[in-house]
Amino acid sequence: MTHRPLRQLFLMDPIETVLIDKDSTFALMCEAQSRGHDVLYALVPDLYMRGGDVRVVARGASLQRVQGRHAELAEAKDLSLDEVDVVWMRKDPPFHMGYIFNTYLLELAEQRGTLVLNRPEGLRSMNEKAWAMRFPELVPTSLITQDMKRIRSFAEELGAVVVKPLDGNGGEGVFIVRRDDPNIGVILEASTQHGQRKVLSQRYLPEAKAGDKRIILVEGKPVGAVLRVPQGVDHRGNIHVGARVEKTPITAREVEICATIGPHLEAAGQVFVGIDVIGGMLTEVNVTSPTGIHEINAFEGLKVEALIIDAAMNRLERRGARA
Ligand SMILES: Nc1ncnc2c1ncn2[C@@H]1O[C@H](COP(=O)(O)OP(=O)(O)O)[C@@H](O)[C@H]1O
Ligand SMILES: [Mg+2]
């Protein structure tokens, strides 16, 4: 038993580009620091494996809430993840083979005893749009196909549908397609890459105009929510494309959604998850790099990052803390 402080490693995008009052990873890092833990910072290219030992070239980070001077980094050190207590995989998508390769290394580290959050297996396999389809009663009527004719008849049947990529985020590539839209053929060609790629088509929910709710779940339980309301003519409720955030309650239906999916998330080691709900329907389960902490904290007077770090500490404790 050593008495060194706990070490928490954050694998993430470059810290220089972080907006301190928007970025959820930064909130987690500050929380770890405030508890006296060692906060380590690395980019995914810094992760490697040699002889079964998963290692990283990381730098100690000292944080302060001053944009531009928010992270002071110590000299880079080459260390084994065996010597790290918690690894936070917080690299933003794109979700491509490179991302998946990183999960292989993280899974190896996990096998050797390091707590990796969210668990790499889930990061890899829980597609944010497709995973929700396990709960057909919670999601809008949906079709996943690359067959353009099939999507056309789906639109014909439902009147209006949304067509979106399975690997998109920030509202990218999300089209509303009405059965009489003269652009329907063009949209389906672009979206499916002429029938070469599967996409998700889904009943259009008119409630989207009122907003797209982001609910954060910690260990499978809802801790807070924020509503993103589309602005101007853009139909999308993504902050990234200018949606406005509003305070919002969590409804009984949303509690039910969380109660249904929450235990699966917890069991799969998906400790920090953001789900999207439109008009009481689940549209997305984001495990790779959920955000929304700052907005929820501001509206609800919460400190969501503390709940997330608590969850990690509980997991460490349950497995017999190694530090
Ligand atoms: N079924 C739907 N009905 C109506 N609007 C939708 C639907 N699905 C998505 N949208 C709109 O598109 C936006 C982005 O969709 P989403 O599925 O969350 O993808 P992303 O991962 O890009 O955020 C939502 O905020 C919402 O405004
Ligand atoms: Mg979304």
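Which number comes out as Rg/Rh for the range 120-182 once both Rg and the Kirkwood Rh are worked out on C-alpha atoms? List each step's numbers first, then the result.
Numbers: Rg = 13.2 Å, Rh = 13.1 Å.
With Rg and the Kirkwood Rh in hand, the quotient comes to 1.01.
Stick to Cα atoms and the Kirkwood definition of Rh, then tell me Rg/Rh for the range 91-207.
Dividing the radius of gyration by the Kirkwood radius yields 1.08.
Calculate one ³J(HN,Hα) per residue across the range 156-167 by plugging θ = phi - 60° into the Karplus curve 6.51 cos²θ - 1.76 cosθ + 1.60, and present them in order as whole Hz with x for glycine and proline.
Result, rounded to whole Hz: 4, 5, 8, x, 9, 9, 10, 10, 9, x, 6, 10.
Defining a contact as two alpha carbons under 8 Å apart and six or more residues distant in sequence, what relative contact order in percent does the range 172-307 show? Before the final figure, lay out the partial values.
Working: 206 pairs, mean separation 30.9, N = 136.
Value for the range 172-307: 23 percent.
Quick one: what are the phi-derived ³J(HN,Hα) couplings along the range 29-41, Karplus 6.51/-1.76/1.60 with θ = phi - 60°, whole Hz, x for glycine and proline?
4, 4, 5, 4, 4, 5, 8, x, 7, 7, 9, 10, 10
Pull up all non-local amide H partners of D92: gap of 5 or more, or a different chain, and H-to-H distance under 5 Å with H placed in the peptide plane.
Counting only residues 5 or more places away or on other chains, the set is D13.
Each label point is 7 Å from the Cα along the Cα-to-Cβ direction; what then is the distance between the points at E172 and I250, in nm?
3.0 nm
Give the Debye-formula value of log10 I(q)/I(0) at each listed q (0.13, 0.14 Å⁻¹), with one equal scatterer per alpha carbon of the chain, two decimals each.
-0.98, -1.11
For the chain, what's the relative contact order in percent, using C-alpha pairs closer than 8 Å and at least 6 residues apart?
Details: 634 pairs, mean separation 57.8, N = 323.
Relative contact order here is 18 percent.
Using a simple spin-label model with points 7 Å from Cα along the Cα→Cβ vector, what separation in nm is obtained for Y48 and R318?
Rounded to a tenth, the inter-label distance reads 3.5 nm.
How large is the dipole of the range 188-323 about the Cα centre if only Lys and Arg carry +1 and Asp and Glu carry -1, each at its Cβ, rounded to the nearest 20 debye?
Details: 17 positive and 16 negative charges, 42 e Å.
Rounded to the nearest 20 debye, it is 200 debye.
How big is the Rg/Rh ratio for the range 75-137, C-alpha atoms only, Rh by Kirkwood, two decimals?
Details: Rg = 13.9 Å, Rh = 13.1 Å.
Answer for the range 75-137: 1.06.
Which of the peptides 220-227, 49-56 is most tightly packed, and how do the rest follow, going by the mean number of other Cβ atoms within 10 Å of each residue?
On the way: 220-227: 20.6, 49-56: 14.9.
Highest to lowest by the protection proxy: 220-227, 49-56.
Report for the chain the percent antiparallel among DSSP-assigned beta bridges with both residues inside it, nearest 5. Let's see the in-between values first.
Working: 49 of 62 bridges.
Taking every DSSP beta bridge within the chain, about 80 percent pair in antiparallel fashion.
Please give the length that would be gained between R150 and T17 if that part of the chain were fully extended, namely 0.36 nm times their separation in residues minus their C-alpha to C-alpha distance (nm, one decimal).
Stretched out fully, the R150 to T17 stretch lengthens by 43.6 nm.
Over the range 213-304, what lengths in whole Å, largest first, do the semi-axes of the equivalent ellipsoid take, defined as the square roots of 5 times the eigenvalues of the alpha-carbon gyration tensor? Each step should come with its number before you reach the end.
Details: eigenvalues 90, 39, 31 Å².
Ellipsoid half-lengths, sorted descending, are 21, 14, 12 Å.
Taking 8 Å as the Cα distance limit and 6 or more residues as the minimum spacing, I'd like the relative contact order of the range 1-154 as a percentage. Provide the component values of the computation, followed by the final result.
On the way: 218 pairs, mean separation 32.3, N = 154.
In percent, rounded to a whole number, it is 21.
N286's amide H: which non-local residues (gap 5+, or another chain) put their own amide H closer than 5 Å, with H modeled 1.01 Å from N in plane and none for Pro or chain starts?
Under 5 Å from the amide H of N286 lie the amide H atoms of G274, I275, D276, each far enough along the sequence or on another chain.
Can you flag which of K149/K198; K22/K198; K91/K129; K91/K198; K129/K247 are past 22 Å Cα-Cα?
Details: K149/K198 13 Å; K22/K198 32 Å; K91/K129 19 Å; K91/K198 25 Å; K129/K247 25 Å.
Correct reply: K22/K198; K91/K198; K129/K247.
In sequence order, what are the phi-derived ³J(HN,Hα) couplings for the range 8-14 according to the Karplus relation 6.51 cos²θ - 1.76 cosθ + 1.60 with θ = phi - 60°, rounded to whole Hz, with x for glycine and proline?
With the stated coefficients, the range 8-14 comes to 10, 9, 10, 8, 7, 7, x Hz.
Quick one: which of 158-167, 265-274 comes out on top by average Cβ neighbours within 10 Å, and what's the full order, highest first? Before the final figure, lay out the partial values.
Details: 158-167: 18.6, 265-274: 22.1.
Listed from highest to lowest mean packing, they are 265-274, 158-167.
Please list the non-local residues whose amide H lies under 5 Å from the amide H of V87, H modeled 1.01 Å from N, same-chain partners needing a gap of 5 or more.
Here L9, L115, V116, L117 satisfy the definition.
Here, each number is a calculation from the coordinates, and none is a lab measurement. These numbers were taken from a predicted model, which means no experiment stands behind them. So basically every Cβ, Gly included, is an ideal-geometry build from the backbone, and we count neighbours across all protein chains shown.
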